[in-house]
Amino acid sequence: MNGFQVIGKPLPFIDSRQKAMGEALYTTDLRLPGMLYGKILRSPIPHGRILSIDTSRAQRLPGVKKVITARDTPMIRYGTTHEDWHLLAPDKVRFAGEEIAAVAAVDLDTAEEALELIRVEFEELPAVYDPEEAMQPGAPLINEAPRNIASVFEVERGNVEEAFGESDLVLEEKYFTSQVYQAYLEPMAAVARPDPDGRITLYLPIQIPSKCRITYAKALGMALDDLRIIQPFVGGGFGAKMETPLHPIAALLARLTGKPVSLTNTREEDFTGGNPRLPMNIQLKMGFTKEGAITAKKVRIVAANGGRVCYGLPILGTACFRVDSLYKFQNVKAEGYLVYTNTLPTGAFRGFGNSQMTFALESMLDQAAHQLRIDPAEMRLKNAVQPGYVSVHGWQVKSAGLNECVEKATGATGWQNKRTEKTPGRGIGLACCNHVSGYSAFFPPFHGSSAVLRLELNGKVSVISGEVELGQGQKTVFSQIAAEVLGLGVESVRMTPVDSDYSTFGLGAWASRTTTVGGKAVYLAAKELQSKINAYASSLLGAEEDKLIMAGGKITQADRPDNGITLADLATRYLYQHNGSFIYGFGEFNPGTQVPDAGKYGNPSCAYPFAAHIAEVEVDTGTGQVQVVSYHAAHDLGRTINPLGASGQIEGGVAMGIGWALMENMVYDNGRVANASFLDYRVPGPRDLPQINSIFVESNDPYGPFGAKGLGEPTLNPVAAAVSNAIYDAVGVRLRELPFTPEKVLAALKRLKLQNNG
């Protein structure tokens, strides 16, 4: 690929062997001397005042070292965007699963027994679970927000109503997205260790180690530098492993007992104490010309935030206007309401708001195409953004391969033939999406990344970065980027563990930013290291720098191959001649993006990935069962750093999307999650999934390392709409509420039959 040595090569992940052999140490594998085990007592009711808590019996239980309630905490309100969190509920509970008390004991059995001995007296309060009902006058107030509205998002460009009046077709529909659990393999966990100097070290499986440190230091009333975060191996995150009270509760138990404390959710606790996807009620109205051009879009979103705000604010904003940079929108209006409900607090999930709105948008585009008798693929091509496009919100699209994604996906599936040669019960559906590669509004203080590379005495290179590996392959991609610049093999690059005492401040894994933003910092650090090595080698070899070649762990003079030096020898000489100093390369990447202004205008990301997905389904009209039988996913990822890893990302994202589309849904019974286990909450297995064809479109972005853009989240975003559109093509019914269960399919078919007979 363009002469690259390691970029574009399908290399196995560098940590695969450790994981496969059971050698990788996860948080729950850690055993520290004198370690205690913690458990959290969670609220059994969705809404109520705490009248009293009696912990005396639990405290007397042999083996119990500490029982804490809110009065043992600093009583500091904290949070991510809203300071409506407490470490432990001080006065009332707002959802079933909220943290009330915690225990540290010599073993897990004792800690669990202690929880059963704690007596809590409640005054139950009326609860409200539906966000539309929660906004009504007279609804029970959950927090201090009037009408339970935690936040409102509004944006408008152009003249929407005038554009609707001039449209040949206007559609208006309601869509409902479900609440789903991230279903990672490793549940939430923490090991907290009190240090002799008064600091606390936290070992956390977390996506944002640097940012969570800020949040937790405030919650604990500690100075930032007194809290150290180390990231062991992480068993998946998918957006969930951001801030959670479990982590600072473990830290507090460690501080109060003077002993290390391990605190891990059971799977049931993880379901009932996590931050699942934000469900949304979406009312969408769109206008079109008879040729299929989009004239206007108006959307109203009401989102069920849950009992406290986690990341609902940016998720709602994303849903309201990120899709406006997918097509050439000129007239748009959005209003969104983030509403407190007596349900689980909701947070990030792969796709982060864009997935919810993409489901609605791409479903309506398919509907419009059919009513206008236009090929759905042609309709996308007509409206697609092109390189150099600036959206109505000021988003600057420097590279865009959306057209090529549509063309490659339709070509691979035999789109035209399958649309014209119909098989009963079988259908094909297309959906597209856009996304970001980093997002400046998520952490306004800065939106870049930095990295440090060090040449070791053995001629290998260590990479120091605060960006994180979650299983997505970041370590491998960073190694490939550094190796490519320095002419090394990937085996000669070592990724150092993330440790806030030594790593750079990395913003973490979200907004599909790691490869583009973090990888660019690694690239720049490698370039500086290369330059310093060349400068020193020039002095040693008596050769001009531009005549030197670095490859295979050695530097040689291009026109004199016999005049060279190994990197190991060079590193050792440098160390001795510079009083023990190593050669370092420093890289800082500032993407030059802006936090959007008060009017939501500004370019928040340096790169924008695109995708086109095509699902083929079979629908059993007797049972309502939907089976996805074929799936093609074309992604504009800028440059394919590792095709093997990229295919894995696409396959995983599509699998999660099929689960969201057809089966996954958190079910509540009087405010309590009723299916809090993998026995009752079904995720797709091998028999539910088709062969997934990954198609790479390389638009060579000007910002990303070697032209790369983000990939992780766009792989899920179009799936539900593609499946929905395929169901319509198969049996003529449009489903607008996730998931598309057999019961919903049968009900829709029954309505269609009555309509046709009426």
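The values are calculated or read from the model by the stated rules, or taken from the named source; none is laboratory data. Just so we're clear, the structure is a prediction, and the values are computed from it rather than from any experiment. Cβ placement follows ideal geometry from the backbone for every residue including glycine, while neighbour counts extend to all protein chains displayed.
Scanning the stretch 620-637 for residues that are crowded, with 24+ Cβ neighbours inside 10 Å, at pLDDT 95 or above and charged (D, E, K, R) turns up at least one hit.
Listed by position, the strands (runs of 3 or more DSSP E) contained in the stretch 78-162 that have at least 1 residues being surrounded by fewer than 17 Cβ atoms within 10 Å (Cβ to Cβ) and touching a residue at least 40 places away in the same chain (Cβ under 8 Å) are 119-124, 149-157. With the structure loaded, tell me whether V733 is under 19 Å from G236 (Cβ atoms) and assigned to a loop (DSSP other than H, G, I, E, B) or whether it fails that test. No, not satisfied. Out of everything in the stretch 21-53 that is in contact (Cβ under 8 Å) with a residue 60 or more places away in the chain, aliphatic (A, V, I, L, M) and part of a loop (DSSP other than H, G, I, E, B), what residue ends up being nearest to A254 (Cα to Cα)? Among those residues, the one meeting the criterion is M35. Of N725, N756, N717, all but one fail to be surrounded by 22 or more Cβ atoms within 10 Å (Cβ to Cβ) and either in a loop (DSSP other than H, G, I, E, B) or at pLDDT below 95 (or both); the exception is N717.
Give the residues of the stretch 463-490 that are touching a residue at least 60 places away in the same chain (Cβ under 8 Å) and farther than 21 Å from K532 by Cα, sorted by residue number. G466, V468, E469, L470, G471, Q472, G473, K475, T476, V477 - these are the residues of the stretch 463-490 that are touching a residue at least 60 places away in the same chain (Cβ under 8 Å) and farther than 21 Å from K532 by Cα. Summed over the stretch 459-517, the residues that are surrounded by 24 or more Cβ atoms within 10 Å (Cβ to Cβ), of a type in the set (G, A, S) and touching a strand residue (DSSP E or B) at 6+ places or on another chain (Cβ under 7 Å) give a count of 5. Residue pairs whose Cβ atoms lie under 6 Å apart, sitting 6 or more positions apart in sequence or on different chains, and linking a residue in the stretch 261-279 that is closer than 20 Å to A89 by Cα to a partner that is part of a strand (DSSP E or B) and among the hydrophobic types (A, V, I, L, M, F, W, C), are L263/A190; T264/A189; F271/V673; T272/V673. Screening the stretch 290-316 for residues that are touching a strand residue (DSSP E or B) at 6+ places or on another chain (Cβ under 6 Å) and assigned to a loop (DSSP other than H, G, I, E, B) and picking the one that is farthest from R157 (Cα to Cα) gives R308. Looking at T215, T244, which is the one that is closer than 30 Å to G336 by Cβ, crowded, with 24+ Cβ neighbours inside 10 Å and under 20 Å from the mean Cα position of the chain (by Cα)? So the residue among T215, T244 that is closer than 30 Å to G336 by Cβ, crowded, with 24+ Cβ neighbours inside 10 Å and under 20 Å from the mean Cα position of the chain (by Cα) is T244. Residue pairs whose Cβ atoms lie under 6 Å apart, separated by 6 or more positions or on different chains, with the first residue in the stretch 436-462 and closer than 13 Å to S512 by Cα and in contact (Cβ under 8 Å) with a residue 40 or more places away in the chain and the second among the aliphatic types (A, V, I, L, M) and surrounded by 21 or more Cβ atoms within 10 Å (Cβ to Cβ), are V436/A511; S437/A607; G438/A511; G438/V517; Y439/A511. Scanning the stretch 566-577 for residues that are within 17 Å of A543 (Cβ to Cβ) and either of a type in the set (D, E) or buried (at least 16 other Cβ atoms within 10 Å of the Cβ) (or both) gives L567, D569, L570, Y574. Across the stretch 218-240, the qualifying residues are those that are in contact with a Pro (Cβ under 6 Å, 6 or more places away or on another chain) and crowded, with 24+ Cβ neighbours inside 10 Å, and the one among them that is farthest from R277 (Cα to Cα) is I229.
Note on the stretch 402-440: residues that are surrounded by fewer than 24 Cβ atoms within 10 Å (Cβ to Cβ), closer than 12 Å to H613 by Cα and among the β-branched types (V, I, T) amount to 1. Out of all the residues in the stretch 472-494, is one or more hydrophobic (A, V, I, L, M, F, W, C), outside any helix (DSSP H, G or I) and not assigned by TED's automatic domain parsing to the domain that holds D366? Yes, the conditions are met somewhere in the stretch 472-494.
Among residues that are out of contact with any helix residue (DSSP H, G or I) (no Cβ under 7 Å at 6 or more places or on another chain) and small (G, A, S), G97 is not included. Of the residues making up the stretch 446-472, those that are closer than 12 Å to M495 by Cα and among the small types (G, A, S) number 4. Could you tell me whether I650 is closer than 26 Å to R322 by Cβ, of a type outside the set (G, A, S) and over 19 Å from the mean Cα position of the chain (by Cα)? Against the criterion (closer than 26 Å to R322 by Cβ, of a type outside the set (G, A, S) and over 19 Å from the mean Cα position of the chain (by Cα)), I650 does not qualify. Might you check whether a residue that is over 29 Å from M666 (Cβ atoms) and of a type outside the set (S, T, Y) occurs anywhere in the stretch 266-276? Looking for residues that are over 29 Å from M666 (Cβ atoms) and of a type outside the set (S, T, Y), one finds none in the stretch 266-276, hence no.
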